[in-house]
Structures are given as structure tokens and as C-alpha cells.
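Provided herewith is a single structure, encoded as C-alpha cells, for subsequent inquiry.
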Amino acid sequence: MSNFKRTSSRRGIMFLLSLSFLVISFSSCVSNKKIIYLQNQEQSAALDDGQMINYDLLEYRLQFNDIIEIQVLTIEDLMKNGFSLSDQMPAMNMGMQMGQGGGDIYYMTGYSVDKDGNIRIPMLGNVKVTNLTIDEVRVLIEEQLRRYISSEFFVRVKLGGIRYSALGEFRKPGKYVVLQDRMTIFEAIAHAGDITPIGRREEVVLIRQFPEGSKIFKVNLLDRNIINSQFYFIQPNDQLYVEPLKVRELGAGENAAQSLTLIISTFTFVALVLNLLSN
């Protein structure tokens with residue numbers, strides 16, 4: 001009777017071991033097709049290497065929660081400092097330190113667009129800027145300043161960096177502020193340390209803000225045709241979320257080496273149990 005129980009136990013353990021081995025073999029390793037960016041996929045038109053791609057870019061229009069930097073220089077300022085903006089470097093250095101500590105570089109020095117679409121400027125008061133481009137804001141401020149400044153002056157308006165959030169299967173998830181006027185989605189991913197091997201690259205969730213609200217999109221980073229899409233360039237206040245692949249749910253290895261280690265550990269455990277049962 002004892003031998004029968006041992007035989008049944010061994011058969012049960014071997015069955016579980018075989019089942020575990022099959023599950024690990026078929027689902028553990030993440031294939032290169034799920035990792036390699038910018039592939040020519042079968043369901044999309046092929047883009048050859050070296051092929052010129054023309055961008056049909058729309059100028060970004062300001063929205064709630066954007067921050068812009070405004071600088072006004074008179075002739076006296078230009079005569080004193082020339083065309084250099086070196087007088088702003090101390091403030092920029094302070095801003096970089098804030099950024100490294102998790103703060104927003106232009107939060108203290110820039111002008112935030114409020115919920116009514118206004119920014120508040122000295123002398124001018126509230127100025128409606130929502131749904132305007134950076135160049136349109138510059139022209140608007142120049143026109144209003146001419147009521148107060150009789151001499152020649154120069155107005156400089158820039159977007160206070162691109163703010164976006166990276167959530168989910170990123171190596172360094174978080175909120176980022178990048179001091180650029182334009183940035184691709186791959187640059188944004190690079191700032192967040194790239195996507196982990198178990199991140200779902202073919203269905204990246206992108207939440208994009210519009211004047212009337214927000215929209216959710218699914219972006220395929222594996223498809224080379226993303227370069228032709230409206231999602232190739234990140235916009236301020238975009239949010240990126242990468243879901244995990246099934247391999248994480250199964251708790252298997254991310255690559256062949258990890259999967260092999262898991263299989264060896266499983267065999268070692270079963271051998272130990274069988275050895276105990278045989279004694």
C-alpha cells in the first residue's frame with residue numbers, strides 16, 4: 001500500500017512537472033518580434049531604409065496647464081547684453097536643480113495657462129492664450145505692449161518645455177520635463193529608460209489632452225509606419241502607459257537564460273521531493 005502511494009505521488013509530481021515545463025516552454029520567453037521597434041509589419045505598407053518621410057505637422061496650440069516663458073527686451077537691454085540670454089542663466093541653473101529634485105523648471109518663473117485659458121502678465125493683466133500658437137501669443141503680447149512702451153522692444157515667447165508622464169512597464173517611470181520644442185515618442189521613451197522586455201510595445205496607451213477634454217489612443221511602436229502618424233511627436237501633457245505581457249502574469253522568465261534557470265530550479269525541487277519520498 002505504501003509503495004502504491006509513493007508511485008501515485010511520483011506520477012502526480014511528474015505530471016505537474018511536465019505541465020509546468022510545457023507552460024514555461026511555450027510562454028516564458030519574449031520573442032524578438034514583440035521587442036524590436038520600427039518593423040515592417042505585414043498588415044502595414046512597407047517603409048524602405050533610406051526612404052524620405054515628410055512630416056505633416058500641425059503647430060501646437062496652448063491649452064490649460066501649459067507653461068510658457070515670456071521675455072521682453074528693450075533697446076537698452078539689447079545694447080547692454082547684446083543678443084545673449086546669459087542674464088537668465090542663474091535662473092536656468094536654479095530651474096535645473098529643481099528639475100533634478102522632481103520639481104518643474106518653469107513653475108516659478110513661467111506663466112501658467114489657467115482653466116479659463118488666460119495667463120496673467122504684469123501691466124497687461126489677463127491675456128487669453130488658449131488655442132493660440134506660440135507665435136500668435138508673441139504677436140498678441142507685442143500689440144498690447146505697444147500701449148505702454150514707446151521705444152523699440154523684442155518679445156520672446158517659448159513653450160516651457162514638454163511635460164509628459166511615463167507609467168507602467170518603463171525602467172524609470174515618472175513625470176518628465178524636457179527642454180525642447182519638439183520631441184518624438186522614442187525620445188520620450190528613452191528619457192524613461194526604455195520599456196522593459198515584458199512591456200506590450202504593440203499597444204502603448206497614449207492619453208492626449210485637447211481643449212475640450214482628453215482622448216485615449218493605442219500606439220503600435222513595433223510598426224515602422226508610426227513615423228507617418230500623429231503620435232510620432234509627443235505633445236505637452238501626454239501620458240504614456242505600457243501594459244505588461246502575459247509572461248509577467250505567469251511569473252516566468254523574461255529571456256532564455258531566466259527561463260532555463262526557472263526550469264532547472266523546478267527539476268531540482270522535484271528531484272528533491274522524489275528523493276524524500278523514496279526514503
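Once both labels are modelled 7 Å past Cα along the beta-carbon direction, what's the LYS215-ARG156 spacing in nm?
Going by the 7 Å Cα→Cβ label model, 3.5 nm.
Compute the FRET efficiency between GLU187 and LEU124 as 1/(1 + (r/R0)^6), taking r as their Cβ-Cβ distance and R0 = 41 Å, and round to the nearest 0.05. Please list the in-between numbers first.
On the way: r = 35 Å, r/R0 = 0.85.
Efficiency computed from Cβ-Cβ geometry: 0.75.
Apply 1/(1 + (r/R0)^6) to the Cβ-Cβ distance of ASP77 and ASN131, taking R0 = 30 Å, and write down the FRET efficiency to the nearest 0.05.
According to the calculation, E is roughly 0.45.
Any read-out appearing in this document is the output of simple, stated calculations on the displayed coordinates, not a laboratory observation. Treat the numbers as computed from the prediction; the structure is a model and nothing was measured. Neighbour counts run over all protein chains shown; Cβ positions are idealised from the backbone, glycine included.
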